[in-house]
């Protein structure tokens, strides 16, 4: 599993609608309205990186009222270092 935190800007007054639609997605673990440069933060999970990209680009960004997103991919997962160029 791959996890990302998606920071979302919405049109003024659309925060509740966007939040509701995010929470209806089966891939959304949590989503909250927040104060600051973004209006909503959502924790989403995907099977792999390709699936996560599809979720963000095809299911989250098209939500009506969404104006901008930034995605932060979580890296605090176990990685099999034997299959990477970083292995000793």
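The values are calculated or read from the model by the stated rules, or taken from the named source; none is laboratory data. If you're wondering where the values come from, they're calculated on a predicted model, not measured in any experiment. Note: ideal-geometry Cβ built from the backbone for every residue, glycine included; neighbour counts use all protein chains shown.
Results, tabulated for the structure shown:
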{"item": "Failed criterion for residue 73 (all others in (1) on the phi > 0 side of the Ramachandran plot; (2) modelled with pLDDT under 95 hold)", "result": "(1)"}
{"item": "Residue, farthest from residue 1 (Cα to Cα), within region 32-66, restricted to residues that are surrounded by fewer than 15 Cβ atoms within 10 Å (Cβ to Cβ) and touching a helix residue (DSSP H, G or I) at 6+ places or on another chain (Cβ under 9 Å)", "result": "64"}
{"item": "Single residue of region 22-31 satisfying the filter (farther than 20 Å from residue 76 by Cα and touching a helix residue (DSSP H, G or I) at 6+ places or on another chain (Cβ under 9 Å)) that is surrounded by the most Cβ atoms within 10 Å (Cβ to Cβ)", "result": "22"}
{"item": "Selection count where residues are within 19 Å of residue 9 (Cβ to Cβ), touching a strand residue (DSSP E or B) at 6+ places or on another chain (Cβ under 6 Å) and in a helix (DSSP H, G or I), scope region 39-59", "result": "2"}
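Yes/no matrix, rows are residues, columns are (1) farther than 17 Å from residue 70 by Cβ; (2) free of Cβ contacts under 8 Å to residues at least 12 places away in the same chain; (3) over 10 Å from the mean Cα position of the chain (by Cα):
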residue: 14; (1), (2), (3): yes, no, yes
residue: 21; (1), (2), (3): yes, no, yes
residue: 33; (1), (2), (3): no, no, yes
residue: 38; (1), (2), (3): no, no, yes
residue: 45; (1), (2), (3): yes, no, no
residue: 49; (1), (2), (3): no, no, yes
residue: 52; (1), (2), (3): no, no, no
residue: 56; (1), (2), (3): no, no, no
